[in-house]
Amino acid sequence: MGLQPLEFSDCYLDSPWFRERIRAHEAELERTNKFIKELIKDGKNLIAATKSLSAAQRKFAHSLRDFKFEFIGDAETDDERCIDASLREFSNFLKNLEEQREIMALSVTETLIKPLEKFRKEQLGAVKEEKKKFDKETEKNYSLIDKHLNLSAKKKDSHLQEADMQVEQNRQHFYELSLEYVCKLQEIQERKKFEFVEPMLSFFQGMFTFYHQGHELAKDFNHYKMELQINIQNTRNRFEGTRSEVEELMNKIRQNPKDHKRASQFTAEGYLYVQEKRPAPFGSSWVKHYCMYRKAAKKFNIIPFEHRSGGKLGDGEVFFLKECTKRHTDSIDRRFCFDVEAADRPGVSLTMQAFSEEERKQWLEALGGKEALLHSFNRAIIPRPEGSAQLDKMGFTILRKCISAVETRGINDQGLYRVVGVSSKVQRLLSMLMDVKTCNEVDLENSVDWEVKTITSALKQYLRSLPEPLMTYELHGDFIVPAKSGSPESRVNAIHFLVHKLPEKNKEMLDILVKHLTNVSHHSKQNLMTVANLGVVFGPTLMRPQEETVAAIMDLKFQNIVVEILIENHEKIFRTLPDATFPEPASLSTSPPNAPPRQSKRPGQRTKRPVAVYNLCLELEDGDSPNLPKEDTPTSNLDSLSSPSPTTAAVHGPPGPDKNHLLSDGGSFGDWASPVPCQTRSPMVQWLNAQSPTTPSCSPAITPPSPKPPPSPVSLPATIVDKPPESIVNRKARAVYPCEAEHSSELSFEIGAIFED
């Protein structure tokens, strides 16, 4: 049962039960006062906790924003860029959420704490003051009555009348105060129902608003979340393919490491112990050095390096070799030793120790010493064994039979082309298809002897068995370039251009296959083979580098992107001709506008920049342009940079000093020059530099002043900025890529910068 009402008429009786009811009302208000006091305290703690949570969330968001993923290689896929940018997206989401939380925390103060404090102070505090007055008047009234009743009846009438009047006045004042107090008690009991609850409603409204804003943010984030899940899945799929390729290469190298050495600019390189002689009492010491020798220039680089304590690179030395002599054990108490004499340091001879007798013989052979071996340190690309599959009429028959069977029987099979067949069955089917006698007898469309997964595996095995990948070794690097950066449109245009540079048979077979894969992707709801999944399957099948390296395997993901572009744009790429005046894609030198920024340089960190990014395009007059033979050394062979060549000498005169020699002595790249003929560049790079003067998207080429036939471009790396030969003085060059200097001796320039002389 609730509180009993306080009747105004009871104020005049002032009965014990009336007083009991007043005490009940007062106890309830005291309980309410204590509750509100605790509630205000808890509310302030809630605000403090909210602020602490917000600070922790903001710190977490800040940490997410500052972290950046490193990547292997020289570029990222779009999926990797999105994953890299996802941390900043998460950070922004938390930041926006915390802004709403901060608004909610402020609203708690304004809508809950302050109104409750005001109610407690103005209403409950006023009742307390009224209670004090009521208690004081009660005491005064009854004390005066007691005193009045004790007056003697023998007092004068005038005195008694005056006393009666005083008591009556005091009693009336007490009644009035009692009425007001009773009214206040009942008023506050009714008022607290809305003045206390209304702030609570506002508080919860603020919370609902916060959670609604969070819900809206989550809805806005949902589309990005779905795309990110696809990016993550694509990256995971590519990782699985890359991991298997890396493990396969690792096992090959583990079984036969000598046959998988990479091509190098040095004739010989590796670790040797070098004897350092000291004054007589101290004898000598042997220090491990990493040594590099270039036979054409007879230049020897040695750099001390200690693997312990994390590895410490010391100051290197450079000298030119005069002769090398084998040391026998009767002249030195160490095995595997040989002496090296420097041509530029008369009387200076170094004693070096190899790790084994075999390595010593290899060094002696490379250095021109005695006991040479038939093989050398020169590392060549290991040719792949040619399979029996050929890109001929039989090959087209195999392709068409397999595609027809797949589209007739298994276009909706889940995991089409990802689920592999039994190896023995695949080999048997492929052997029958490649045999002229049995090929026509194989009925793939109606026979139940051959499962769809066996047919798809045989098709992939045939493509992998070709002597050269369908998209050729020659254009492999060019296809990879646009896949690494740029807008979608520029990528498609670049791939379109390159596909039409393929040999006719390659292009025809690629057209048939990609058309089929496009059809497969249209049934992805049933077979689960999206364009991305097909890219993972056929990227390594249609493209592969000529040299197996980890760096090449890291580019598998870009091979997948190329295949995805072919599938998504089949009609445009294979049914239309590329634009002959197609402008240079800016994507090949810059990142797309919406791509996340690359890893920023740390203080004191020097970035290793690829030479190809800083090519200049020189346009010479007809008389200045030599007829460069097609057999010129490729730009990737750095030995040609330091070796005299009749071709380069004809254009630029004698070669300058060696780059590494100057760099090791503290020189900059501006101190040396060595040309690279234009014809040696890959077709993609030639296409990039062969821009029309009327192309609006790039700077116009500089043409010779005299009306002669079109100039022949000669490309120089940006590190080649030495004084040009007199034969091309007063000529100009235009930068087709930007360059950022790393110290004061280098040059910075933007795209389109003009260089004279």
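The values are calculated or read from the model by the stated rules, or taken from the named source; none is laboratory data. This is a predicted model, so every value here is computed, not measured. Neighbour counts are summed over all protein chains in view; Cβ atoms, including those assigned to glycine, are modelled from backbone coordinates with ideal geometry. Ligands, DNA and RNA are excluded from the accessible area calculation, which covers all protein heavy atoms including side chains. Shrake-Rupley method; radii C 1.70, N 1.55, O 1.52, S 1.80 Å.
Of these, F71, F35, which one is at negative phi, open to solvent by 40 Å² or more (accessible area, probe 1.4 Å) and in a loop (DSSP other than H, G, I, E, B)?
Sole residue among the options that is at negative phi, open to solvent by 40 Å² or more (accessible area, probe 1.4 Å) and in a loop (DSSP other than H, G, I, E, B): F71.
Six or more apart or on different chains, Cβ atoms under 8 Å: show the pairs whose first residue is in segment 46-67 and in the same structural domain as L112 (by the TED database) and open to solvent by 50 Å² or more (accessible area, probe 1.4 Å) and whose second is of a type in the set (A, V, I, L, M) and modelled with pLDDT of 90 or more.
Qualifying pairs under 8 Å: R58/L94; F60/L94.
Could you tell me whether E76 is modelled with pLDDT under 90, in a loop (DSSP other than H, G, I, E, B) and surrounded by 18 or more Cβ atoms within 10 Å (Cβ to Cβ)?
In short, yes.
Among the residues of segment 263-274, are any at pLDDT below 90, closer than 30 Å to G535 by Cα and not assigned by the TED database to the domain that holds T50?
yes
Just wondering, is there one or more residues in segment 373-390 that are part of a loop (DSSP other than H, G, I, E, B), touching a strand residue (DSSP E or B) at 6+ places or on another chain (Cβ under 7 Å) and at pLDDT below 90?
Scanning segment 373-390, I find at least one residue that is part of a loop (DSSP other than H, G, I, E, B), touching a strand residue (DSSP E or B) at 6+ places or on another chain (Cβ under 7 Å) and at pLDDT below 90, so the answer is yes.
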